[in-house]
Amino acid sequence: MKEMIEACRARGWRRLCVVGGSPNARTALQEIVGRDLELRLVDGTVSSSRAHADANLGWADVVVVWGSTQLAHKVSLLYTGENVIQMARRSIQELARSVTKSARG
């Protein structure tokens with residue numbers, strides 16, 4: 001996770017929005033990242049509006065759509081764009097790898 005944080009900082013990313021993941025995974029991610037990055041964690045099982053998704057997309061430097069987790073298709077469809085990473089693996093370690101790889105471009 002430290003590598004992800006360092007890669008994000010090097011890229012100038014300070015705000016990360018994660019869409020999906022179990023409640024336990026989101027809590028663990030918050031605890032691990034702490035104050036090193038600003039996080040918005042979106043419950044992928046709760047319906048969302050286009051306006052809410054657009055606000056998150058505009059706020060975040062990068063958005064991770066965490067597939068293969070608790071994530072409804074109707075929620076994931078709202079999150080598209082240049083700053084969106086789609087990933088299909090469950091673990092926090094895989095999320096960190098995907099963000100690190102994207103940050104390093």
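The values are calculated or read from the model by the stated rules, or taken from the named source; none is laboratory data. The structure presented is a predicted model; accordingly, all values stated were derived computationally and were not measured. Cβ atoms come from the backbone with ideal geometry, glycine included; neighbour counts cover every protein chain shown. When the accessible area is computed, the model is the full protein with side chains, heavy atoms only, and any ligands, DNA or RNA have been set aside. Shrake-Rupley method; radii C 1.70, N 1.55, O 1.52, S 1.80 Å.
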(request) Starting from the range 24-105, pick out the trypsin sites (Lys or Arg not before Pro) whose DSSP state is loop and whose Cβ has at most 15 other Cβ atoms within 10 Å. (result) Arg35, Arg89
(message) As an exercise, use a Förster radius of 22 Å and the Cβ-Cβ distance of Asp36 and Arg104 to find the FRET efficiency, rounded to the nearest 0.05.
(response) 0.80
(request) Name all residues of the range 1-43 having a backbone nitrogen under 14 Å from the label point set 7 Å from the Cα of Arg97 along its Cα→Cβ direction, giving them as ranges. (result) 1, 4
(message) Could you tell me the calculated FRET efficiency between Asn83 and Thr27, based on Cβ-Cβ distance and R0 = 30 angstrom, to the nearest 0.05?
(response) 0.80
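How large is the accessible surface per residue of the chain, computed with a 1.4 Å probe and reported in Å² as a whole number?
56 Å²
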(request) State, to one decimal in nm, how far the label point of Arg15 lies from the label point of Ser68, with both points 7 Å from Cα in the Cβ direction. (result) 3.0 nm
(request) Taking the chain as the reference, fit the longest principal axis to its C-alpha atoms, fit the long axis of helix 2-11 to the helix C-alpha atoms, and give the angle between the two in degrees, 0 to 90, nearest 10. (result) 90 degrees
(message) Please state the shape class of the range 52-105: rounded when a/c is under 1.5, otherwise prolate if a/b exceeds b/c and oblate if not, all from the C-alpha gyration tensor.
(response) oblate
